[in-house]
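Reviewing the structure listed below.
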Amino acid sequence: MPVLNERAYLRRAVETVLDQDVDGPVEVVLALGPSSDGTTELARTLAAEDPRIVLVDNPAADIPVGLNAAIRASSHPTVVRVDAHSEIAPGYASRALEILARTRAGNVGGVMRADGRSPFQRAVARAYNSRIGLGGGAYHGGDRPGEAESAYLGVMRRAVLDEVGLFDESIRRGEDWELNLRIRSAGYRVWFDPSLSVTYWPRESWHRLARQFVATGTWRGELVRRYGMRNSARFFAPPALVVALVLSLLVGLLQVTGVIAGALSVLASAVYVPVLAYVLLVAAVAVGPGGGTGVRDKLWTLAVLPTMHLAWGAGFIAGLLRGAHDTVDTSRLAGRNTPLP
C-alpha cells in the first residue's frame, strides 16, 4: 500500500486488509511517502499495534517506486495491491486467491466501487461508476467475469512479477496498465471478476479532480507514444472531444466575424455535431438516475463529467505531443505524485 497524506483514510483502509480471512500468513507493507498531515505518525502507531504491519520508506512519493519497495519487502508468494484511499470488501483476498488458482491467471482484479462523503465527492463517484464517466473499462461497472486489458489494484503471483519485472518506475501514472501489458505479453491472463469489490474514495474538490485528470491524461498520452495502438481505442475519446470543441470555437469565431459564410459556413457547421451530441449526452445523464436525486446532485454531475473528460483529453494531447516528462499529480501534495490510482 503506497501512502501519502491519507490520515483521514489510512486506519480504515488498513483495518479492511487485516480483517481479511485468509488461510495462511499475511503481512501488510506500507510504503510511506513524505506526508505532512500526520499520516506517517499514524502508520507507526498502527505498526506498533499489529506486528503484521511492515513499514518501508518511499521518499520520492512516486506510485511505482513505493509499490516496488513494498513488494521487495514482502515475503509471500501472492501480492495483493491495496491503496490507502480504498477499502477492500470482506472476503476479497480469499475470493481473489480462489479465482487466481482456478483461472491460472497472472493477475486478478475486480470492481472499483467509488463512493463519496460530500455532495461533490458523491458526484465524482457516480461518474466513476458510470460507463459514460470513465469510458467503460471492465472494473468501472463490468458485470461478467473474463479476461481483461488491465486490473484495478490487482492480486498477482509473485513468480509472474519475478518473470516480467516489477512496476516501471519511469511511469508515474498508468503504471498498472503497463505492467498488465507485460503480463499479457508474457502469455499470462489478466482476469476480471465482478465478485471482487473495492470501495474507492475519489477527490474531494473540483480543482483537485481537474489536476488529477490532467496528470492522468498526460501520462496516457505518454503511454500512447511508447506503445501506440496497443492502447485501447476508448482512450482516444476525450482528446477527440477536446479537438472537436476547439474546432467548434474556431468555426464559431470565423462565422461571427464573417470570415466564412454561405455554403462554406453551412458545411463548417458540421463540427458542432459531436459537441452538441456530447452536451445532450451529459445532460441526459445528469437529468436521469445517474445524476443523483436532487437538483444539487444533478448540477454537480453537469460540472464533474465535462471536467473529467476535458481535463483528461487536454492532458492526453499535451502528453502525446511533448511527452509526460516530469508531470506529476499535484492534487494531494504540491510538486509530488500521489499513490492513488
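The values are calculated or read from the model by the stated rules, or taken from the named source; none is laboratory data. Source: prediction; values computed, not measured. Methodologically, a virtual Cβ is constructed for each residue, glycine included, from the backbone with ideal geometry; neighbour enumeration extends over all protein chains shown. The accessibility values were calculated without ligands, DNA or RNA, using every heavy atom of the protein model including side chains. Shrake-Rupley method; radii C 1.70, N 1.55, O 1.52, S 1.80 Å.
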Problem - Pairs where the first residue, in the range 2-14, is over 19 Å from Ile71 (Cα atoms) and the second is assigned to a strand (DSSP E or B) and charged (D, E, K, R), C-beta under 8 Å, 6+ apart - result: Arg12/Glu87
Practice task
Look at Leu280 and say whether it is closer than 28 Å to Val214 by Cβ, without any contact (Cβ under 8 Å) to a residue 12 or more places away in the chain, out of contact with any Gly (no Cβ under 6 Å at 6 or more places or on another chain) and surrounded by fewer than 12 Cβ atoms within 10 Å (Cβ to Cβ).
Solution key: yes
Practice task
Considering each of Ala31, Ala43, Ala47, Ala69 in turn, give the residue that is modelled with pLDDT of 95 or more, open to solvent by less than 40 Å² (accessible area, probe 1.4 Å) and touching a Pro at 6+ places or on another chain (Cβ under 7 Å).
Solution key: Ala31
Exercise for the section: Only residues that are of a type in the set (Val, Ile, Thr) and open to solvent by 60 Å² or more (accessible area, probe 1.4 Å): list them for the range 205-225, please. Expected result: Val214
Exercise for the section: Kindly establish whether Ser197 is open to solvent by 70 Å² or more (accessible area, probe 1.4 Å), within 26 Å of Ala96 (Cα to Cα) and hydroxyl-bearing (Ser, Thr, Tyr). Expected result: no
Exercise for the section: For residues that are modelled with pLDDT of 95 or more and small (Gly, Ala, Ser), scanning just the range 171-189, find the one that is nearest to Thr216 (Cα to Cα). Expected result: Ser185
Fill in the blank from the handout: Conditions (1) buried (at least 22 other Cβ atoms within 10 Å of the Cβ); (2) in contact with a Phe, Trp or Tyr (Cβ under 9 Å, 6 or more places away or on another chain) -> Asn5 fails only (2)
Problem - the range 226-251 - residue that is in contact with a helix residue (DSSP H, G or I) (Cβ under 8 Å, 6 or more places away or on another chain) and over 30 Å from Ala148 (Cβ atoms) and, of those, most open to solvent (accessible area, probe 1.4 Å) - result: Leu247
Practice task
Mind telling me which of the residues Glu178, Glu222 ends up being over 19 Å from Gly154 (Cβ atoms), touching a residue at least 24 places away in the same chain (Cβ under 8 Å) and among the acidic types (Asp, Glu)?
Solution key: Glu222
Exercise for the section: Check the range 255-272 and report whether any residue there is within 36 Å of the chain's Cα centre (by Cα), at pLDDT 95 or above and open to solvent by 70 Å² or more (accessible area, probe 1.4 Å). Expected result: yes
Fill in the blank from the handout: Pairing a residue in the range 234-251 that is in a helix (DSSP H, G or I) with any residue that is of a type in the set (Val, Ile, Thr) and open to solvent by less than 20 Å² (accessible area, probe 1.4 Å), where Cβ atoms lie under 8 Å and the two sit 6 or more apart in sequence or on different chains, gives Phe235/Val224
Problem - Residue satisfying all of: in the range 153-169; assigned to a loop (DSSP other than H, G, I, E, B) and touching a residue at least 40 places away in the same chain (Cβ under 8 Å); most open to solvent (accessible area, probe 1.4 Å) among these - result: Glu169
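Across the range 75-89, what is the number of residues that are open to solvent by less than 40 Å² (accessible area, probe 1.4 Å) and either closer than 15 Å to Glu6 by Cα or modelled with pLDDT under 95 (or both)? Show your work before the answer.
Our first condition is that a residue be open to solvent by less than 40 Å² (accessible area, probe 1.4 Å); within the range 75-89, this holds for 79, 81-89.
Now restrict to residues that are either closer than 15 Å to Glu6 by Cα or modelled with pLDDT under 95 (or both): 82-89.
Here the count works out to 8.
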Practice task
Please find, within the range 177-231, the residue that is nearest to the chain's Cα centre (by Cα) out of those that are in a loop (DSSP other than H, G, I, E, B) and closer than 24 Å to Leu161 by Cβ.
Solution key: Asn231
